[in-house]
Amino acid sequence: MAQPVRIGLLGYGTVGQAFVTLLKQQTALPAEVEIALVTDLGRPREGPPIPLTTDAREVVANPRVDLVVDVMGGRYPAYQWVREAILNGKSVVTANKEVMAYHGSELLQLAFERGVHLRYEASVGGGIPLIEPLLSHFRWGPIDAVIGVLNGTTNFILSAMEKGEPYEQALAMAQAKGYAEADPSADVLGYDAVRKLTLIIRMVFHFEVSPDAIPCRGIDQVTVDDIVRVAHWGYRIKLIARAYRGGRAMVWPTLVPANHRLAFLEDNQNSLCLYLWSQEYWLEGPGAGGPATALSVLSDVYRVIVQRDLGPRETVLPVRELQPMAPEWILFPVDPDRVVVPTAFPEFGLWNGQYFRTEPTPIGQVEQWLAEREGFKAYPLL
Ligand SMILES: NC(=O)c1ccc[n+]([C@@H]2O[C@H](COP(=O)([O-])OP(=O)(O)OC[C@H]3O[C@@H](n4cnc5c(N)ncnc54)[C@H](OP(=O)(O)O)[C@@H]3O)[C@@H](O)[C@H]2O)c1
């Protein structure tokens, strides 16, 4: 049997502990845990007892560590440690979409040059096998569009709000279930979904875009009232991430027709639909949670082990600017009793007494329109 791969962890929290628990159940995988980086050595942990350190170099510069598993979260210092591990000739498996969205192209190039692996299956879609199919299977097809729900926390919150829970209460429930981070702002403001969409664009459309260039709106302004009203019109609100081959992309709370497959997505589920040759391919499953995410991490560890001698496969991609997104929108007054004079919206289309449905209209134009008038809301249509 091959020499076991010795793993050093950056982080021993929710995902890290679930990963080591899962790893220790495997008898056929030649891998063992050497050490894990944490901030607080005294914190009680449910995972198997392993050597802990507060010195990152005990992981990334440790000659007894062959493979670094980054499950610490945050952009810094995770980026520095991942970079240093690669420079030290170690393969890296990361669950960190923030690092991969902002620094992925540099780190993948570095890993390529150093002849080590950098894998990130858990960074998008939690427990769904998503990165590997995009990198290997779908890489070869001319994908026209990708549309999905990429954040389990916000999907859970919106589902709970549909059952009548106010936003704050729904958020507290998501935190109690371990879906939301202690600081949930990246989830609820849409940044987490944007980072994941950046990675998907890289894999599917083969160009680089900065996460900051993708138009983004979170769910923090969505109210139970909005949800109830659009339900009467046949829609559910989902935080939809979408990107098109022509170079358009956005993440926005979006009106999804109630009979659309994405409208049925509940709880912390994630879903990604790929449009290829006028056909839909769906990747779906639990988008968050320790054990599900740990399975994705472990599958990457397995791939690093079995492909140790094959070398990395990533290539450097061109940077591209996005085209403006111009979806159709539904606009409505926040106060349902407010009488709206249709002529106030000459630039927009149908009026049914409660809302307007626009022609395809650029995001910026709608934003400006809203900024100039108080008391209106707008949601893009799927
Ligand atoms: N949780 C999920 O469902 C999920 C799903 C998909 C992807 N992910 C990704 O997986 C990663 C880990 O998430 P998690 O939920 O496991 O996070 P977590 O429970 O907060 O665990 C983070 C771990 O990293 C350690 N850590 C954080 N910052 C550190 C620093 N500056 N120096 C040393 N140690 C540090 C913490 O140490 P202490 O324990 O001492 O505080 C903790 O052990 C993140 O990138 C996250 O986005 C999570």
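Nothing in this text is a laboratory measurement; each read-out follows from the coordinates by a stated rule. Here the structure is a predicted model, which is why all the values come from computation and not from measurement. Cβ placement follows ideal geometry from the backbone for every residue including glycine, while neighbour counts extend to all protein chains displayed.
Values for this structure:
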item	result
Residues within segment 145-172 that are in a helix (DSSP H, G or I) and either out of contact with any helix residue (DSSP H, G or I) (no Cβ under 7 Å at 6 or more places or on another chain) or within 15 Å of the ligand (Cβ to nearest atom) (or both), tallied	11
Leading residue by the ranking (nearest to the ligand (Cβ to nearest atom)) among those in segment 6-15 that are crowded, with 19+ Cβ neighbours inside 10 Å and over 15 Å from residue 122 (Cα atoms)	12
Residues of segment 60-92 satisfying the condition of being farther than 15 Å from residue 108 by Cβ and in a helix (DSSP H, G or I)	60, 78, 80, 81, 84
Cβ-Cβ under 9 Å pairs, at least 6 apart or on other chains, segment 109-131 side at positive phi, far side assigned to a helix (DSSP H, G or I) and among the polar types (S, T, N, Q)	125/296; 126/293; 126/296
Enumeration of residues in segment 16-56 that are closer than 19 Å to residue 81 by Cβ, free of Cβ contacts under 8 Å to residues at least 24 places away in the same chain and within 12 Å of the ligand (Cβ to nearest atom)	39, 40, 41, 53, 54, 55
Cβ pairs under 8 Å, 6+ apart, first in segment 71-85 and near the ligand (Cβ under 10 Å from one of its atoms), second among the hydroxyl-bearing types (Ser, Thr, Tyr)	71/12; 71/94; 75/102; 78/94
Segment 93-144, subset of a type in the set (D, E, K, R) and outside any helix (DSSP H, G or I), residue surrounded by the fewest Cβ atoms within 10 Å (Cβ to Cβ)	144
Unmet requirement for residue 177, which otherwise passes all of (1) basic (Lys, Arg); (2) surrounded by fewer than 23 Cβ atoms within 10 Å (Cβ to Cβ); (3) under 17 Å from residue 96 (Cα atoms)	(3)
All strands (runs of 3 or more DSSP E) inside segment 245-333 with 1 or more residues being within 30 Å of residue 111 (Cβ to Cβ) and not small (Gly, Ala, Ser)	248-257, 269-276, 279-286
Cβ pairs under 6 Å, 6+ apart, first in segment 164-185 and in contact (Cβ under 8 Å) with a residue 12 or more places away in the chain, second in a loop (DSSP other than H, G, I, E, B) and not acidic (Asp, Glu)	174/180; 179/268; 179/288
